[in-house]
Each structure stands twice: as structure tokens, then as C-alpha cells.
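A short reminder: the numbers here are calculations on the coordinates, not readings from a lab. Bear in mind that the values here come from a model prediction, so they are computed numbers and not experimental data. Ideal geometry is used to build each Cβ from the backbone, glycine not excepted, and the neighbour counts take in all protein chains shown.
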Amino acid sequence: MAKAEVPVIVAELEFLNQMATLPLTTVYSVTTTGPFRINIGGSINTPSSQLSFIVKWTDDFGVEQTFVVGINNTGSLNFPQSLNFRAVTGTAITVQGNAFSATLIYDLDIVLEQF
């Protein structure tokens, strides 16, 4: 039976009361190739709004991968999302956000774990 590995938190980011798109932000610069888990959560308090976040990383084959989290809101909404992936040494794990409403207000929490 394989030994279970406990993930280690390597990055935590918090963006509160955001009213604009999130610029390209480095979550973590990978120092050891291996498996990661990114947890994205937060809330939107603006009804009838849309928001998306794009997570990017480079896999073992040198290919940039993309994970898109899209949120449509008809009221107050929490949006927990989680993804497991492998990233390679010497590359960055990034996130970027797009707000589709001029009056959008949101909170964003990101926790990145490495196994």
C-alpha cells in the first residue's frame, strides 16, 4: 500500500473588496517538479455579474495548461473550486481575473499546495 503524502501550503493569496480585473499574478514559482493542488474561493456580492479566473502552469511535457473558473451570479455567491495538476521546475503558476461588470465587487482567496 502506498504511503499517503500530506500536502504543504506553498502560497496563499487574498484579494478583498476587488472592484477591477485581477492582473496577471504569479501565485508560485515552481522549485520542484511535482503534483500541486490549487484551491480558489471567494464571494461576489454584486447581483447579475460575471467573473472568471484563469490559472496557468507548465506541465511535465513543457506545455502551458489552462484552467478557467467562471462564475455567473444572480445574488450573493461563493465559488469554491479545486484542481490537482503537475507543474515543472523553473516555471510559474499564475492567475488572472476578468470582471464583466463595471460595478462588480468580489473577494478572492487562493491556496496552493504541493504534494
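Of all residues in region 48-69, none are surrounded by fewer than 15 Cβ atoms within 10 Å (Cβ to Cβ) and closer than 13 Å to L108 by Cα. State whether one or more residues within region 52-65 are free of Cβ contacts under 8 Å to residues at least 40 places away in the same chain, closer than 25 Å to V6 by Cα, outside any strand (DSSP E or B) and touching a Ser or Thr at 6+ places or on another chain (Cβ under 8 Å). Yes, region 52-65 has at least one match.
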